[in-house]
1. Note down the magnitude of the dipole of segment 13-76 about its Cα centre, charges +1 on Lys and Arg C-beta and -1 on Asp and Glu C-beta and zero elsewhere, to the nearest 20 debye.
2. Compute from the Cα atoms of segment 13-76 the Rg and the Dmax, the latter being the longest Cα-Cα distance, and quote both in angstrom.
3. Ranked highest first by average number of other Cβ atoms within 10 Å, how do 128-140, 107-119, 52-64 line up?
4. Just grab the label-to-label distance for residue 33 and residue 121, each label 7 Å out from Cα along the Cβ direction, in nm (one decimal).
5. ³J(HN,Hα) across segment 58-66 via Karplus (A = 6.51, B = -1.76, C = 1.60, θ = phi - 60°), whole Hz, x for Gly/Pro?
6. Which FRET efficiency value, to the nearest 0.05, is calculated for residue 169 and residue 109 with the Förster distance at 25 angstrom and r the Cβ-Cβ distance?
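Taken together, the values in this text are just the output of simple stated rules run on the coordinates, not laboratory data. This structure is a prediction, so every number in the text was calculated from the model and none was measured. All Cβ positions, even for glycine, are placed from backbone atoms using ideal geometry, and neighbour counts span all protein chains on display.
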Amino acid sequence: MAKKQYRYPAVNFIPKDPFYDTPIGKGMVWALRVGRYIVVFTEIIVIMSFASRFKLDRDLTDINSSIVQKTALIQSYGSTETQVRLIQTRSQKISDLLSQNAPLSQLNVLIGEVPTDVKLSRIGYQATEIQIGGVAQSSASFASFLQTLQHTPSFKGVIIDQLETGDKRDPGYVFAIRIELTDQPTSSTAPLPVAPSTTNTTDATLSTGK
């Protein structure tokens with residue numbers, strides 16, 4: 001025979017306040033329930049912020065240390081920058097000076113055309129001509145040198161002021177030549193000093209044929 005199931009009555013010693021059945025009461029109950037989660041969530045954020053402060057303090061310390069190191073490095077480059085600016089200023093002055101003495105580049109052209117067996121003993125420079133003197137070891141080398149000068153575009157004409165044979169101590173052909181230059185811009189610098197001319201034994205003018 002089945003046993004009877006007894007249902008025990010529920011006893012509530014705290015009677016329910018009818019206020020919680022009103023809209024305001026229900027709203028307060030809901031606010032209390034949700035408020036607990038909000039408080040817990042806020043506490044979690046505060047704890048995380050407090051923990052992250054240690055990392056932020058460490059990052060700030062590293063940044064300050066890096067700033068100090070880079071500041072010292074930049075200050076060490078101060079003298080280098082001054083030297084670089086000084087070099088740039090001097091280089092600009094040198095460039096300006098070279099541009100004012102552009103005709104002097106024709107001396108480099110002349111020196112590059114001198115054969116190995118022709119020795120120059122003097123070089124003089126003026127605005128319109130170059131005077132050179134020296135010794136050629138043979139007539140062939142002297143003729144080759146003259147022909148090279150005649151075909152150089154920077155030179156307009158070649159004038160032989162002196163040509164004579166040397167002695168036993170210095171065999172060869174002693175010469176003195178004036179080289180007429182092509183038209184160049186006027187330079188404000190003074191011409192180079194010209195060595196005194198020697199006694200002319202042969203005087204001839206060679207045309208470049210330009």
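1. 80 debye
2. Expressed in Å, the Cα Rg and Dmax of segment 13-76 come to 26.2, 85.
3. 128-140, 107-119, 52-64
4. So the label points at residue 33 and residue 121 sit 12.4 nm apart.
5. Each residue's phi maps through the Karplus curve to give 5, 4, 5, 5, 5, 5, 4, 5, 5 Hz.
6. 0.20
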